[in-house]
2 protein chains.
Amino acid sequence: MSKNLTKRAEDYSKWYNELVVKADLAENSGVRGCMVIKPYGYAIWEKMQAELDRMFKETGHQNAYFPLFIPKSYFSKEASHVDGFAKECAVVTHYRLKTGEDGKIEVDPDAKLEEELIVRPTSETIIWDTYRGWIQSYRDLPILVNQWANVVRWEMRTRLFLRTAEFLWQEGHTAHATQTEAIAEAEQMMNVYADFAENFMAIPVIKGVKSANERFAGAIETYCIEALMQDGKALQAGTSHFLGQNFAKAFDVKFANQEGKQEYVWATSWGVSTRLMGALVMTHSDDNGLVLPPNLAPIQVIIVPIYKGDEQLAAISEEAKQLMARLRKLGISVKYDDRTTHKPGWKFNEYELKGVPVRIAIGPNDLANGTFEVARRDTLTKETILSADIVSHISDLLEEMQKDMFTKALAYREEHITEVNSFEEFKEVLENKAGFVSAHWDGTPETEEKIKDLTKATIRCIPLDRKEEAGSCVFTGAPSKGRVLFARAY
Amino acid sequence: MSKNLTKRAEDYSKWYNELVVKADLAENSGVRGCMVIKPYGYAIWEKMQAELDRMFKETGHQNAYFPLFIPKSYFSKEASHVDGFAKECAVVTHYRLKTGEDGKIEVDPDAKLEEELIVRPTSETIIWDTYRGWIQSYRDLPILVNQWANVVRWEMRTRLFLRTAEFLWQEGHTAHATQTEAIAEAEQMMNVYADFAENFMAIPVIKGVKSANERFAGAIETYCIEALMQDGKALQAGTSHFLGQNFAKAFDVKFANQEGKQEYVWATSWGVSTRLMGALVMTHSDDNGLVLPPNLAPIQVIIVPIYKGDEQLAAISEEAKQLMARLRKLGISVKYDDRTTHKPGWKFNEYELKGVPVRIAIGPNDLANGTFEVARRDTLTKETILSADIVSHISDLLEEMQKDMFTKALAYREEHITEVNSFEEFKEVLENKAGFVSAHWDGTPETEEKIKDLTKATIRCIPLDRKEEAGSCVFTGAPSKGRVLFARAY
């Protein structure tokens, strides 16, 4: 297998597009902006789903399912929400096709819907319309519900995983009796996302809140986790919104409190999407292909025989099968590739491209010496391990790689947070070093907008753990109480 | 909790509609024909999904994801396919909303799609358009892919789970080098479905093939599993289609065989949907509510304390918690309901309504005697079990209930297959006894159509295990080689 993969240093964007296709993660479909997620890519997404779903359930959430379609009138009820999504909606207007006079299939003009339906770009409106029937008293609260679903946002410029017209995601929608409880929920889910990103995806993230410009349409506060890709661009990896009573008011959802008084319900929503697949690729992978963290790799260990003739293959296969059985007992996902149609070198390349964390090669010398050749994908290093040690070695190695990948990404991220104190410096860092630029800001949307127009950088977040530090805005010089993180972003 | 559930004998259809809502399985949404699947209903669906997904993977299939939208032109390429689905399609024609002059949100007429997009009613066309890029040689075959997705069919008369405009399903789409292999795949998946229906849902099914009238639009042969509901109506519980080379020809998908010759690829597709939830409810439930087979019950055992005062509650809770821990060790899903806001009688009713298979009550006498009161949901019988025996008893009981529910449903089904030899008898059985009517048929679509017009009964299947038996068609008197099963169906 020839990889012919563009080098990151040559063209990072091209490298990404090629890698996603060549590693069999996804491809463009015949439908503008919509992708096909291929089995290998989907297997990674399934592992992500399983972990997230477990985390949601451990924090008391249940799954449910709400309609794909949202009547246009629902959509219009929360003003800032419709402003945010109206420009990129797929709209269903008819419910039938017919064969025209020329024998061609056409939309039947007699089958026009009375009210147009929007293909959900997010489900706050249809869900809060439903919650009205579920909530009467404080005893019905909280409602802690999540949905795994597809959503559609008619983006004009699309890229596999990062920005597609249709994508897969989960959206949590919770209802609470008090503001305090709703804020605690929104913060909790941001922390769940951060835990998932760091401990499963091996991606370090910065927790923070969004500025008004970058807030979700309809939210009072948007909590987020922000990651940094290898090209120095930021990527929003998950958001959790405190929605106040906005949707409860728009859909008239009240509850009787303990004193019997009617109050509006408090809301949150939170989501992560197949976009995370893009973040995973761009954080860890290299010029040889994918590098997958062991915790999310569909195949953690690949075993490749190196042999001449059937007799050697049989002896190696015997050894490989015993090793597989022992590794599987520890819950390690392992595959043995004894295809006779491909050479070992071809297989090495293929599994490197696909990011399989550990490769074990077994040749005649290994058989004679009771050894295995073990290669790790992240560092591309090899060592020879004695048969007696192999199982514990692999088990330890997978843990070590998971940690090392995080540490490496964290070191890169730390090197790429730069404090600046003038706008000249700001621009200089963005151009020559990229990454997060930590700067004072006067807190106004206007200044953020101007900086964005001039530099394409936006405020990625106001970090939750920022220090109080008196300063002056890097752009206007107005007073500021602390630094925020700017970056160019996906 | 007052159930106020209509009795099955009074109005079976009303009983079903009420039960689905009252047991918190699903409800109608504000979008015509689209349902909300509530957390309790979704938890059952998740258990179904998990088992089916495991079975698919064990038979070599992988999951993937294809676009929600299908360009109208794709849809038109397979003639009988478009005939089958054109009349019930949701069509996306625009991609933007705007605020009109009156301040109202409206569809932006300037954002009309060049080609309309159909919301998938099934995905053969978009998938075979994709497979063209995946298949060059026999080495690329077979492709064994499944997708979990939502689909939309614009049904005019809808009922929760049984017939909804949007529903959730899985659709397998496989590609093969030979006809023999594709037929074997279609048969295998029918058998997987039958295994699932019988061993997890406790629903006996008849395996067969559909007559031409009832075949999937675009299939050469449709294999099916047919179940019988308690009102004597049949329900198609799953279908598996041998598609021949129809879609390969429509989308020009060829492969080079071992001799290097180009051939069209052979196809299958197979699916089950949230319709199975309806079958589950209608097969087992009774006038007190749901009856769930232990293998699919989100909560298998509910423990309810019966007490006066905090001291008794504390002692019972101690006992209950120990029991929970012991049951959970065996993988049994158990919940302890110690809410002080509701009385035991209310709780008994609620868990009966929700079909929890086993209820354990613990009162002061039980504490004194070292016993538990165990009630089973399917038979509504109770017995007193010694503490020493409780864990093994519950474990055995769950297995026994799973078997008993199947046996009971099977006995009902067997009593409701009636052989008839005249059309008078045919109509008489349909009217007074219902169920499957086993009759000779001349094999023509015309006769089936006429019988349907006169009786509303269709051929549910030609059973795979039917005996050869010379006879004459119950309607035309023309010769027939064996009996087929007619029924009125959901």
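Details
- Evaluated with a Cβ-only charge set (Lys, Arg +1; Asp, Glu -1), the range B:358-490 carries a dipole of roughly 300 debye about its Cα centre, given to the nearest 20.
- Size descriptor, Kirkwood hydrodynamic radius, that averages inverse alpha-carbon separations across the range B:256-339, Å: 17.6 Å
- Modelled FRET efficiency - R0 25 Å, B:Gln49 with B:Ala212, Cβ distances, 0.05 increments: 0.20
- Cross-linked pairs A:Lys261/B:Lys22; A:Lys72/A:Lys261; A:Lys104/B:Lys57; A:Lys47/B:Lys22; A:Lys87/A:Lys481: Cα-Cα separations exceed 29 Å for A:Lys72/A:Lys261; A:Lys104/B:Lys57; A:Lys47/B:Lys22; A:Lys87/A:Lys481.
- Rounded to the nearest 20 debye, dipole of the range B:299-400 from Cβ charges on Lys, Arg, Asp, Glu: 320 debye
- Rg/Rh for the protein assembly as shown stands at 0.98; both radii use Cα atoms, and Rh follows the Kirkwood definition.
- Structural descriptor for chain B: relative contact order 14 percent, calculated from alpha carbon pairs under 8 angstrom and at least 6 residues apart.
- Per residue, the convex hull spanned by the Cα atoms of the range B:365-433 measures out at 80 cubic angstrom.
- Relative counts (whole %) of C-alpha pair distances in the range B:256-411, using bins that are 10 Å wide: 10, 35, 27, 11, 6, 5, 4, 2, 0
- For the range A:379-487, applying the loop criterion from DSSP together with a ceiling of 14 other beta carbons within 10 Å to the trypsin sites (Lys or Arg not before Pro) yields A:Lys433, A:Lys456, A:Lys467, A:Lys481.
- Placing +1 on the Cβ of every Lys and Arg and -1 on the Cβ of every Asp and Glu, with nothing else charged, gives the range B:235-383 a dipole about its Cα centre of roughly 320 debye.
- Sorted by Cβ neighbour density within 10 Å, fewest at the top, the residues A:Leu160, A:Leu397: A:Leu397, A:Leu160
- Label-zone membership for the range A:331-374, site A:Ala388, 7 angstrom Cα→C-beta point, backbone N under 16 Å: A:369-372
- For the range B:195-268, GluC sites (Glu not before Pro) are listed when DSSP marks them as loop and at most 13 other Cβ atoms sit within 10 Å of their Cβ; the list is B:Glu259.
- Distance between the pseudo-spin-label points of B:Ala314 and A:Asn191 (7 Å out from Cα toward the beta carbon): 3.1 nm.
- Between A:Asp465 and B:Glu106, the C-beta separation translates, for a Förster distance of 45 Å, into a calculated FRET efficiency of about 0.50.
- Cβ-vector label at 7 Å, A:Glu115, separations to other copies in nm: 3.3
- Ordered from longest to shortest, the equivalent ellipsoid semi-axes for chain B are 44, 30, 24 Å, each the square root of 5 times a Cα gyration tensor eigenvalue.
- Per-copy distances of the B:Glu415 label point, shortest first, in nm (7 angstrom along Cα→Cβ): 7.8
- Value of relative contact order over the range A:299-399, rounded to a whole percent, pairs C-alpha under 8 Å and six or more apart: 31 percent
- A full extension of the chain between A:Gln322 and A:Asp396 corresponds to an added length of 24.7 nm, given 0.36 nm per residue minus the alpha carbon distance.
- Sparsely packed loop sites in the range A:244-334 (the trypsin sites (Lys or Arg not before Pro) outside DSSP H, G, I, E and B with at most 10 other Cβ atoms within 10 Å) comprise A:Lys261, A:Lys308.
- Overall shape: prolate for the range A:213-305, with the ratio a/c of the largest to smallest alpha carbon gyration tensor axis at 1.5 or above and a/b above b/c.
- Distances from B:Pro364 to itself in the other copies, using label points 7 Å out along the Cα-Cβ axis, amount to 8.5 nm in increasing order.
- For the range A:157-281, the residue among A:Val205, A:His176, A:Phe216 whose Cα projects farthest onto the positive side of the dipole built from Cβ charges is A:Phe216.
- Selection from B:Ala489, B:Cys461, B:Gly471 lying farthest towards where the dipole of the range B:444-490 points positive, charges on Cβ: B:Ala489
- The range B:28-94: C-alpha gyration tensor shape, a/c 1.5 cut-off, then a/b vs b/c: oblate
- The simple Förster model, with R0 at 22 Å and r as the Cβ-Cβ distance, assigns A:Asp11 and A:Ala411 a FRET efficiency of 0.35.
- Contact order for the range B:417-487, expressed relative to its length and based on alpha carbon pairs under 8 Å spaced 6+ residues apart, stands at 38 percent.
Every number here is computed from the coordinates shown, using simple stated rules; none is lab data. Not measured: the values here are computed from a predicted model. Here the Cβ is made from the backbone with ideal geometry for all residues, glycine too, and neighbour counts use every protein chain on show.
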